[in-house]
Amino acid sequence: MTTDAVAALFLPVPETLPGRTLFINARPCAEIERLNADSLQAQQYFRPHARILAESGYVVTPHIPMDGTFDSVLVAGARQHTETISSLAAGLLRLKSGGFFAAAAANDEGGKRLGRDMVSLGLTYREQSKYHARVVWGEKPDEVDDDGLQSAREAGDFQPVLDGAFIACPGVFGWDRIDAGSKLLAEALNAHPVSGRVADFGCGYGYLTSHILNSAEKIYCLDADWRAIESCSRSLKSKRDDINYLWADITDPRETIPADLDAVVMNPPFHEGRAADPHIGISFITRAAQSLKSGGRLMMVANAHLPYEDTLKKNFSKVDKITESGGYKVYHAKK
């Protein structure tokens, strides 16, 4: 969701929205300043955005509230279609009859199908295209298919994946598959197990963590996506109940993350939205080095083309590439 799409979302929004407003997938933006902070409930799962909103005085939750009624609902669409439909349905379930709704998405991130999404939820709407995005809006009718809305909402909820081995939800990275890079790193972890105090940076739904359950004495799982933290917890709590789950932006030096670690494992992200940004992985490497005690180990996987070698060598005394396959490299670094 680009700034342009957020700007499109606010095109049909009245200058003053009466009563309580729910803003799903809320983004820090100039337009949000039009909304009364005292009557706005913002929902944002991504820690960097949530932190900015909270610092700006808004009430922010990482999950969509499933109780209470709102007079208006705004939805910023997501790249994952099921996630967008689920958010729309959840918002409409919380919206009072006759209440105002608006939803928007960039054209290349689902905006072109927003109208069809409205029809699938049984709603009439108006629409406008601008800023390479599309916004739809209208009022909630007195009679809606609550069962249909509930079903659409639940499709985006936490659910068993990979034959029940894990719990995840649409929108979490690789939510219903095993990432090829993570699989390669897991194989390396089986051959070179880590022990002691170990953190999984960018844990996702817990696939890599599941490969250190038997070797690590204390485990920390960190991710900037609250849904990933919740997925990881639901996936692993029956296997170990002493794991520490932290909703944290590893790239933000203001965030407090575990220190004096014996090992860090990670498959760092390298995209913010659609734009590739290797600086995210570079920040992960730097924070890993800061978190490890002397002699601590980093086990990480990355796409082979990403420029991480210089950062690894700058922050670690010894760096080995222990395997390369399928466009990925696995590194073992010692502080």
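Computed over the Cα atoms of the stretch 159-334, what is the ratio Rg over Rh, Rh following Kirkwood?
Rounded to two decimals, Rg over Rh is 0.92.
How big is the charge dipole of the chain about its Cα centre, in debye rounded to the nearest 20, if each Lys and Arg gets +1 on its Cβ and each Asp and Glu gets -1 on its Cβ?
For the chain, the charge dipole is close to 1020 debye.
Can you list which of the GluC sites (Glu not before Pro) found in the stretch 92-192 are DSSP loop residues with at most 16 other C-beta atoms within 10 Å?
Within the stretch 92-192, the qualifying GluC sites (Glu not before Pro) (loop, at most 16 other Cβ atoms within 10 Å) are Glu143.
In what order do His49, His192 fall by count of nearby beta-carbon atoms within 10 Å, going from fewest to most? Mind dumping the intermediate values first?
Values: His49 20, His192 14.
Fewest-to-most ranking of His49, His192: His192, His49.
Wrap a convex hull around the Cα atoms of the stretch 52-110, take a quarter of its surface area, and give that in square nanometres.
4.8
Give the distance, in whole Å, between the Cα centre of the stretch 117-135 and the Cα centre of the stretch 31-96.
18
Semi-axes, largest first, in whole Å: what does sqrt of 5 times each Cα gyration tensor eigenvalue give for the stretch 3-155?
Semi-axes, largest first: 21, 18, 15 Å.
Which distance in nm do the two modelled labels at Asp310 and Asn36 give, with both placed 7 Å along the Cα-to-Cβ direction?
Taking the two extended label points, one gets 5.3 nm.
Please enumerate, by chain and number, the lysines with C-alpha under 26 Å from the C-alpha of Lys239, excluding those fewer than 8 residues away in the same chain.
Lys183, Lys218
Among [x] 21.0, 63; [y] 21.3, 67; [z] 29.9, 121, find the value of Rg and Dmax of the Cα atoms in Å that was calculated from the structure presented, and write down its label.
[y]
Where a number appears in this text, it was derived from the coordinates with a stated rule and is not lab data. If you're wondering where the values come from, they're calculated on a predicted model, not measured in any experiment. Ideal geometry is used to build each Cβ from the backbone, glycine not excepted, and the neighbour counts take in all protein chains shown.
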